[in-house]
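Undergrad: Structure provided below as structure tokens; questions to follow.
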Amino acid sequence: KRTGRNRACVYRDNGIDGVTPAVEFNAVNALQSAFDEQRLRVYAQKIVDLESGNAVGMELLTRLVGDDGSVIPPDRFLPVAERNDLITRLDSWMLRSAARLIGQNGGGLPRDWYVTVNVSGLSLSDLRFHGVISEVLSSSAELRDRICFEITESAAPSNWHVTLKGIELLRSHGSRVLLDDFGSGFTSFNYLRHLQVDGIKIAQDFTSSVSGDPINEPVVSMVAQLTRKLGIQAIAEGIEDASTARQLHARGIRLGQGFFFHRPQPVEDLLVPA
Ligand code: C2E
Ligand code: MG
Ligand code: MG
Ligand code: MG
């Protein structure tokens, strides 16, 4: 039921995706205790203007600190969160963290930066998350202006109509919505029609070795043209070297992020003391 209505799903003895119930149980417990023990962290990566190299904002990315102090990336725990009704809690925590960062007046976040948060399709179709959206966004115009939502539609295509309600809610508050990982997964142009997004983030698969690549080159140029005509932003993900940044900029992509500019790091490290 959690993945949507009108679906059939094969349940094997070894559980979902080969995860045994015992392993899943431990993972859920570990994640739950991470919440209780405040072992979730906000990391951030700058989003830069490819023309000037100046940062225009940052994307917030979650991390989990393990028992041994190790920093665990989201691909290790997001699937667990999504399968076990913890993703809304995680996305709510991140949205509130974004609000807190912006709210700390003089807290060191450059005044002209926007802040993006990733939201799962499952959260977007969850009424509890709708409540958090309304609570946070109705509290201040600055939050509505500066928090930007990144959505990946691969999460729950079957729950589409409810997800759409969540996106409409964000837009009704006047917040911006970016389509994440464009070009990967289930992205289709139909989303542009129904979503009225404010920007497209091009997945790393398409942004590397642009020059002369028979697929990446036309895809990048097409997205640049498309976003210009629609009057929305194009942001290239996963830029790892100067030549890639130049090639993307030469094809009309204005914004980008990637290890070349900045590696994700604890958000505190990006705040400049007053
Ligand atoms: P994403 O939103 O597409 O984020 C981009 C990912 O690419 C991040 O991985 C980032 O660290 C990584 N990256 C950035 N620049 C480069 C680069 O130059 N090269 C390479 N190889 N990778 C780069 P990360 O932080 O591991 O996050 C993975 C995914 O987890 C994110 O993909 C996003 O979909 C999801 N995620 C992260 N935080 C949250 C969250 O708070 N809520 C939800 N629902 N999802 C989240
Ligand atoms: Mg993202
Ligand atoms: Mg992405
Ligand atoms: Mg993603």
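The values are calculated or read from the model by the stated rules, or taken from the named source; none is laboratory data. None of the values given here were measured: they were computed from a predicted structure. A quick note on method: Cβ atoms are made from the backbone with ideal geometry, for glycine too, and the neighbour counts reach across all protein chains shown. Ligands, DNA and RNA are excluded from the accessible area calculation, which covers all protein heavy atoms including side chains. Shrake-Rupley method; radii C 1.70, N 1.55, O 1.52, S 1.80 Å.
Undergrad: Give the range 221-238 a look and list any residue that's in a loop (DSSP other than H, G, I, E, B), touching a strand residue (DSSP E or B) at 6+ places or on another chain (Cβ under 9 Å) and either without any contact (Cβ under 8 Å) to a residue 24 or more places away in the chain or more than 16 Å from ligand 4 (Cβ to nearest atom) (or both), or say none.
TA: Hit for the range 221-238 is ILE232, nothing else.
Undergrad: Give the residue, chosen from ALA234, ALA203, ALA245, that is within 30 Å of GLY103 (Cα to Cα), aliphatic (A, V, I, L, M) and crowded, with 18+ Cβ neighbours inside 10 Å.
TA: Answer to the selection: ALA234.
Undergrad: Quick one: which of ARG100, ARG96, ARG128 is within 13 Å of ligand 1 (Cβ to nearest atom), open to solvent by 30 Å² or more (accessible area, probe 1.4 Å), out of contact with any Gly (no Cβ under 6 Å at 6 or more places or on another chain) and of a type in the set (D, E, K, R)?
TA: Being within 13 Å of ligand 1 (Cβ to nearest atom), open to solvent by 30 Å² or more (accessible area, probe 1.4 Å), out of contact with any Gly (no Cβ under 6 Å at 6 or more places or on another chain) and of a type in the set (D, E, K, R) holds for just one of ARG100, ARG96, ARG128, which is ARG96.
Undergrad: May I pose another question? With the structure loaded, tell me whether LEU143 is assigned to a helix (DSSP H, G or I), surrounded by 22 or more Cβ atoms within 10 Å (Cβ to Cβ) and either in contact with an Asp or Glu (Cβ under 8 Å, 6 or more places away or on another chain) or hydrophobic (A, V, I, L, M, F, W, C) (or both) or whether it fails that test.
TA: No.
Undergrad: Across the range 131-140, what is the number of residues that are in contact (Cβ under 8 Å) with a residue 24 or more places away in the chain and surrounded by fewer than 16 Cβ atoms within 10 Å (Cβ to Cβ)?
TA: Total meeting the criteria: 4.
Undergrad: Sticking with this structure for a sec: Within the range 28-53, how many residues turn out to be away from ligand 3 (no atom under 16 Å from the Cβ) and either buried (at least 19 other Cβ atoms within 10 Å of the Cβ) or not in a helix (DSSP H, G or I) (or both)?
TA: Selection size over the range 28-53: 13.
Undergrad: Please work out which residue is farthest from ligand 1 (Cβ to nearest atom), limiting yourself to the range 252-274 and to residues that are assigned to a loop (DSSP other than H, G, I, E, B) and open to solvent by less than 60 Å² (accessible area, probe 1.4 Å). Talk me through it step by step, then tell me what you get.
TA: First pass over the range 252-274, keeping only residues assigned to a loop (DSSP other than H, G, I, E, B): 252-254, 257-264, 271-274.
Then keep just the ones that are open to solvent by less than 60 Å² (accessible area, probe 1.4 Å); that gives 252-253, 257-258, 262, 264, 271.
Numbers: GLY252: 20, ILE253: 15, GLN257: 6, GLY258: 3, HIS262: 8, PRO264: 4, LEU271: 19 Å.
The extreme case among them is GLY252.
Undergrad: Please go through the range 54-83 and give me each residue that is assigned to a loop (DSSP other than H, G, I, E, B) and either open to solvent by less than 40 Å² (accessible area, probe 1.4 Å) or charged (D, E, K, R) (or both), ordered by number.
TA: Result: GLY66, ASP67, ASP68, PHE77.
Undergrad: Look at ALA234 and say whether it is in contact with a Ser or Thr (Cβ under 6 Å, 6 or more places away or on another chain), more than 14 Å from ligand 1 (Cβ to nearest atom) and of a type in the set (Gly, Ala, Ser).
TA: Against the criterion (in contact with a Ser or Thr (Cβ under 6 Å, 6 or more places away or on another chain), more than 14 Å from ligand 1 (Cβ to nearest atom) and of a type in the set (Gly, Ala, Ser)), ALA234 qualifies.
Undergrad: Here is a further query. May I ask you to list the residues in the range 227-265 that are of a type in the set (Lys, Arg) and more than 15 Å from ALA44 (Cα to Cα)?
TA: Step one: list which residues in the range 227-265 are of a type in the set (Lys, Arg), which gives 228-229, 246, 251, 254, 263.
Correct list: ARG228, LYS229, ARG246, ARG251, ARG254.
Undergrad: State whether one or more residues within the range 163-171 are assigned to a strand (DSSP E or B) and under 27 Å from ILE232 (Cβ atoms).
TA: Step one: filter the range 163-171 for residues assigned to a strand (DSSP E or B), giving none.
Scanning the range 163-171, I find no residue that is assigned to a strand (DSSP E or B) and under 27 Å from ILE232 (Cβ atoms), so the answer is no.
Undergrad: Checking the structure you have, find out if any residue of the range 103-123 is within 14 Å of ligand 2 (Cβ to nearest atom), open to solvent by less than 50 Å² (accessible area, probe 1.4 Å) and assigned to a helix (DSSP H, G or I).
TA: Here is the first cut: in the range 103-123, the residues within 14 Å of ligand 2 (Cβ to nearest atom) are 114-121, 123.
Next, from what is left, pick out any that are open to solvent by less than 50 Å² (accessible area, probe 1.4 Å): 114-121, 123.
Remaining after also requiring assigned to a helix (DSSP H, G or I): 121, 123.
Yes, there is a match, as at least one residue in the range 103-123 is within 14 Å of ligand 2 (Cβ to nearest atom), open to solvent by less than 50 Å² (accessible area, probe 1.4 Å) and assigned to a helix (DSSP H, G or I).
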